[in-house]
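Trainee: Dumping the structure here so I can ask a few things about it.
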Amino acid sequence: MGDHLELKKHSDREFVYPIKDWYFDVLAGLDFDHIRLPARWSDHCDDSFKIQDYFMQAVKKAVDDFLARGYKVVLNVHHFNGATQDPKAYQDQLFCLWRQIGEAFADYPDTLIFEVMNEPQHMVSAADWNDVQNKAVEVIRETNKTRKIMIGGVNWNGYDGLLQVEPPKDHNLIATFHYYHPMSFTHQGARWSPENTDLKGIKWMGTEDEVKAIKQHFQLVYDWSKAKGIEVNLGEFGAYQTGDMESRVRWTKCVRETAEEFGFSFTYWEFNYGFGICEREAPVLRKPLVDALLG
Ligand code: BGC
């Protein structure tokens, strides 16, 4: 459920892009069993980093609405831009957020899952991030003793970042990674991805080598997960709308099938924006993408 609660706050008002009622009707016809709910808490705090009520209420409403319909919900800290570049410098603020979120959702059922933080960036060292992430897990455990917590790695939660994660000693973790390889295909024309903004017309044909690359990456994640004894969620994958639909469908199907082959749960980025399986403003599904995801 990207591009809603994690959108940038407008400077002059309390902006939250709402999750609309018709989404639930569209989703009810599809076979998804969990929803990832990215939330940009850090934009909605007062000067002492207290999360403002309107935002807490908006997130709670979204969580409640999905839980009530039988979905598991993965709630995270998304786009906390200082912390994604220098987690050590922002760790106290990250912990402060998790103390508040942890307290607010402590009584929720175990179908609510927390994810520590979206995408520490490429410049963050694995050692720094391991330290901060493991402490954040401890902070969450102050109020949520048994809830499942998702942990991920550096390099934008890449598979290579996950391989460097040293998990805390905790029995209720899920490891998550994001998969957008090759970026020149999945992010061609994307304005927020400078190396790929000017690219266009790049196809993904599903050649032996292309498929092999995906399988090799997933195999590394699988081996890591067996060594650590932690199950895996593919938390984001998708190909941006600027690529041709046939290639996007081939790639999405291949990544989804590979995730299933390795036993990873998966969450597509995203419902109804630039990668979306649905139109932004109308309940019109992009059927080929839906089929690629659900078979
Ligand atoms: C970011 C989005 C972006 C997506 C694909 C997400 O983690 O939060 O802003 O559109 O990745 O690049």
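Trainee: What spacing in nm lies between the two simple spin-label points modelled at Lys88 and Leu220, each 7 Å away from Cα in the Cβ direction?
Mentor: Result for the modelled spin labels: 2.5 nm.
Trainee: In addition: For region 120-268, with all protein chains present and a 1.4 Å probe, just round the carbon and sulfur fraction of the accessible area to a whole percent.
Mentor: 52 percent
Trainee: Could you order peptides 69-79, 38-48 by the average number of other Cβ atoms within 10 Å of their residues, highest first?
Mentor: Highest to lowest by the protection proxy: 69-79, 38-48.
Trainee: Let me ask something else about it. So how many Å³ per residue does the convex hull of the Cα atoms of region 1-97 work out to?
Mentor: 107 Å³
Trainee: Can you compute the FRET efficiency between Glu138 and Glu246 using 1/(1 + (r/R0)^6), with r the Cβ-Cβ distance and R0 = 45 Å? Round to the nearest 0.05.
Mentor: After rounding, the FRET efficiency stands at 0.45.
Trainee: Which order do the peptides 135-142, 205-212 take when ranked by the mean count of other beta-carbon atoms within 10 Å per residue, highest first?
Mentor: 135-142, 205-212
Trainee: Quick check: residue separation of Phe32 and Gln121 times 0.36 nm, minus the Cα distance between them. What number comes out in nm?
Mentor: Separation in residues times 0.36 nm, less the Cα-Cα distance, equals 29.1 nm.
Trainee: Oh, and also: Can you order the peptides 171-182, 230-241 by their average number of other Cβ atoms within 10 Å per residue, highest first?
Mentor: Output ranking for 171-182, 230-241: 230-241, 171-182.
Trainee: Excluding Leu112 itself, calculate the net charge of residues whose Cβ lies under 9 Å from the Cβ of Leu112, where each Lys or Arg counts +1 and each Asp or Glu counts -1.
Mentor: Charge balance near Leu112 sits at +2.
Trainee: Nearest 500 deg cm²/dmol is fine: what mean residue ellipticity at 222 nm does the chain get from its DSSP H runs of n ≥ 4 alone, each adding -39,500 (n - 2.57), divided by its residue count?
Mentor: Taken over the chain, the calculation gives -12500 deg cm²/dmol.
Trainee: Return a whole-number percent for the relative contact order of the chain, with Cα pairs under 8 Å and 6 or more residues apart as the contact set.
Mentor: 14 percent
Trainee: Bin width 5 Å, origin at 0, all Cα-Cα pairs of region 192-288: what percent of pairs per bin?
Mentor: So the P(r) values, bin by bin, are 2, 11, 19, 21, 20, 14, 8, 3, 1.
Trainee: Please report the antiparallel percentage of the DSSP beta bridges confined to the chain, to the nearest 5.
Mentor: Bridges in the chain are about 10 percent antiparallel.
Trainee: When DSSP beta bridges are limited to those with both residues in region 145-295, what percentage is antiparallel, rounded to the nearest 5?
Mentor: 10 percent
Trainee: Then there is this: Within region 64-108, whose backbone N sits under 19 Å from a point 7 Å along Cα→Cβ of Glu231?
Mentor: 67, 70-76
The values are calculated or read from the model by the stated rules, or taken from the named source; none is laboratory data. These numbers were taken from a predicted model, which means no experiment stands behind them. Counting neighbours? That spans all protein chains shown, and the Cβs are built from the backbone with ideal geometry, glycine included. Side chains are part of the model used for accessible areas, which takes the heavy atoms of the whole protein and leaves out ligands, DNA and RNA. Shrake-Rupley method; radii C 1.70, N 1.55, O 1.52, S 1.80 Å.
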